[in-house]
Amino acid sequence: MDIAFEERLEAVRRSALEQKKAEEIKDFGPIDYDAPVESEKKTIGVGAKIGVGVVVLGFGLVFALGDFLPSGSDGPNEGTTVVDKKLSDEEKKTLQTRLKQYEATLSISPKDTTALEGASVTLAELGDYTRAVSLLQELSKEKPSDPDVFRLLGEVKYELKDYEGSVAAYRSSEKLFKNINFEVLRGLTNALLAAKKPDEAVKFLLTSREQLNSGKLNAADGIPDNIMDSESQEVDSIQVDLLLGKAYSDWGHVNDAVSVYNQLISTHPEDFRGYLAKGIILKENGNNGDAERMFIQARFFAPEKAKAHVDRYARK
C-alpha cells in the first residue's frame, strides 16, 4: 500500500468534508445571475472537491433556470440544459492520472470507500458515466446510509437517460437525508418528469412545500423543530414553486400551473422568474398578448445578466 498516496486521499477527503456545508449553501441556494462565474467550478477533479458530498452533476456550466420553467421553454436538447464540459488536455491528464491512482488502490482494496468515491467522481468528470454508475453502486453497498452517494447515482443515471433508475436512486437519497435537500428535490422532480410521471412529481413537490412551510411557521412562532434545520432552510421557496408549476404544466394542468405562478407573482412581485414562467405558459397556449406583458415585466425585474435569457424565451 502506498502510504503517501493514502495520506493524500485522506487529506482530500477531509478538505471535501470541511467544504461541504459552505459549498451546498453557495451552490444550492437561489440563483444569483450577477455572481461571477468561477472557472474552477467547471470541473470537479482538478481541484480538491472529490467527495460525493460536494459534487453536483452538470460537470460544467449548468444553465439552471431551464430546470424550473415550463417544458415548452426547453431548448433543442429538452429538459435540463447542460453545457458540455470542455476539459483541456492538461485537465484530462490530471484526471486520468488521479483515476489510475484510485484504480491502483482498488486493485489492492476493492472496497476502499475513499478510492471508490474518488474514482466514481473522476470517471463522471471524464464523462464515463457507465463506469461511474458501476462504482457508485459498489460504493452504495459500502456506505448504505450516505445520502450523497445515492444523490450522485441519481444524477449519473439521469445523464445516461436511465430515468427510472435515477428516480429510484433519488428516492433512496431523499429517505436518508434528515431534511429537504435542494439538489435531491430538483433532481427527483426532473427525473420523474423525464420518466413521464408528472403526477408523482406534483405530489412530491406539494408534500415538500408543505413541509418547508411548516418549518417556517414553527420557526416564526419560536417553536423548536427537530425535523427542520439549516439544510432545508436553504431551499429557495421560489424555486420549489417554479418546479411545481413546471410539473403541473407537464401534466397538462395549465390552470393549476398559472395559479402557482400568479401566487408567486403576488408573493414575490419583484422576482422576475414568476413573470417569465407565466409568460412562457401563456404563450404556449396562444395567449400572446398577456404573455408579452409578462415578458416585459420579467425583463424589467430581471438582473442585468438575466435579461438576455428573458429575451430568448420571449422570442421563441
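The values are calculated or read from the model by the stated rules, or taken from the named source; none is laboratory data. This structure is a prediction, so every number in the text was calculated from the model and none was measured. Cβ: placed from backbone, ideal geometry, glycine included. Neighbour counts: every protein chain shown.
Out of 192, 152, 244, I need the residue that is modelled with pLDDT under 95, out of contact with any Cys (no Cβ under 6 Å at 6 or more places or on another chain), among the hydrophobic types (A, V, I, L, M, F, W, C) and crowded, with 24+ Cβ neighbours inside 10 Å. Which one? So that I can check it myself, show each step before the final result.
Values: 192 fails: modelled with pLDDT under 95; 244 fails: modelled with pLDDT under 95.
One residue alone meets the criteria, 152.
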Here's a check for you: in region 98-136, which residue that is in contact with a Phe, Trp or Tyr (Cβ under 9 Å, 6 or more places away or on another chain) and among the charged types (D, E, K, R) is surrounded by the fewest Cβ atoms within 10 Å (Cβ to Cβ)? 112
Positions within region 166-180 being surrounded by 24 or more Cβ atoms within 10 Å (Cβ to Cβ) and within 13 Å of residue 208 (Cβ to Cβ), in sequence order: 170
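I'm trying to understand the selection: among the residues of region 289-316, which are of a type in the set (A, V, I, L, M, F, W, C) and in contact (Cβ under 8 Å) with a residue 12 or more places away in the chain? First the steps, then the outcome.
Here is the first cut: in region 289-316, the residues of a type in the set (A, V, I, L, M, F, W, C) are 291, 294-296, 298, 300-302, 306, 308, 310, 314.
Answer for region 289-316, where residues must be of a type in the set (A, V, I, L, M, F, W, C) and in contact (Cβ under 8 Å) with a residue 12 or more places away in the chain: 291, 294, 295, 298, 300, 301, 302, 306, 310, 314.
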